[in-house]
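The next block holds one structure in the form of structure tokens; read it before the comments.
Any read-out appearing in this document is the output of simple, stated calculations on the displayed coordinates, not a laboratory observation. Being a predicted model, the structure only gives us computed values, none of them experimental. Methodologically, a virtual Cβ is constructed for each residue, glycine included, from the backbone with ideal geometry; neighbour enumeration extends over all protein chains shown.
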Amino acid sequence: MRKNMSPQGKMIYVGLLALMLLGSVSGVVRAAQAMPIPQIQIGIGEAQRPAEVAQSLQLLIILTVLSLAPAILIMTTSFIRIVIVLSFTRTALGTNQMPPNQVMIGLALFLTFFTMAPTWAKVNDMALQPFLKGEVAQDVAFNKAMAPIREFMFKQTRTKDLQLFIVAAKMKRPANKDDIPTQVLIPAFIISELKTAFQLGFMIFIPFLIIDMIVASTLMSMGMMMLPPSLISLPFKILLFVMVDGWHLVVRSLIASFV
């Protein structure tokens, strides 16, 4: 039908199309202008009152603590022992990167959340909720929050390790646990966790080491000295680990070690 149109009709048709296009474009522009676009401004101004200076310092301290949150999670919880034991398990199996690092770290984190849940529940009830309701001040809430965490660390810390850092700090002999500062407790807790994790890792290594020795001696007696023993023993170690439900045993041992 458009082929039979006259030149004037074609010009009118093109003009109508152009007007419709301009109308749709103008409608989109008006809709975009009607929608408010938020503006974010970050600036540094001069403090007029001492209270404003204190608030600024508190904000800087909070940001610093948030940046150190991963280290705090690792060094004051059960994460150290769990991730080391899981790494020992994978090394003893000889499966290199299986399970992957993401799976190992994820499992260690969720086991940490599970084992630390009673402690964090006490922190929430004793410190966080009263602070959010305005019932206690910030310093009081911090001291109450540290009490359950210190209690957890004291249970897992050896007296010998505590004594090491008390002597290194040149402190007097504390009368009770409350006299031991947190900066002394945390490193003692860390080295205690490392020792416990290596003890559990050694116990995990023993059955796999026996399999490696049996396979190596068998290959040598058969004269197959050029065949890597680890290549032959790997399927047997995986089979043994699956048959005894190894992950269940490892995780159960880890959870029981914190009770």
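Which order do the peptides 140-152, 83-95, 241-253 come out in when sorted by mean C-beta neighbours inside 10 angstrom, highest first?
Top to bottom by mean Cβ count within 10 Å: 83-95, 140-152, 241-253.
Limiting things to C-alpha atoms, what are the Rg and the maximum Cα-Cα separation (Dmax) for region 141-241, in angstroms?
22.9, 70
At a Cα cut-off below 18 Å, give the aspartates and glutamates reachable from residue 195, other chains included and same-chain residues fewer than 8 away excluded.
The qualifying aspartates and glutamates are 161.
Once phi is turned into θ = phi - 60°, what whole-Hz ³J(HN,Hα) does the Karplus curve with 6.51, -1.76 and 1.60 give for every residue of region 204-219, x standing for Gly and Pro?
6, 5, 4, x, 6, 5, 4, 5, 4, 5, 5, 5, 5, 5, 5, 5
For region 82-193, rounded, prolate or oblate, judged on the Cα gyration tensor with a ≥ b ≥ c (square roots of eigenvalues), a/c < 1.5 rounded, else prolate if a/b > b/c?
It is oblate, given that a/c is not under 1.5 and a/b is not larger than b/c.
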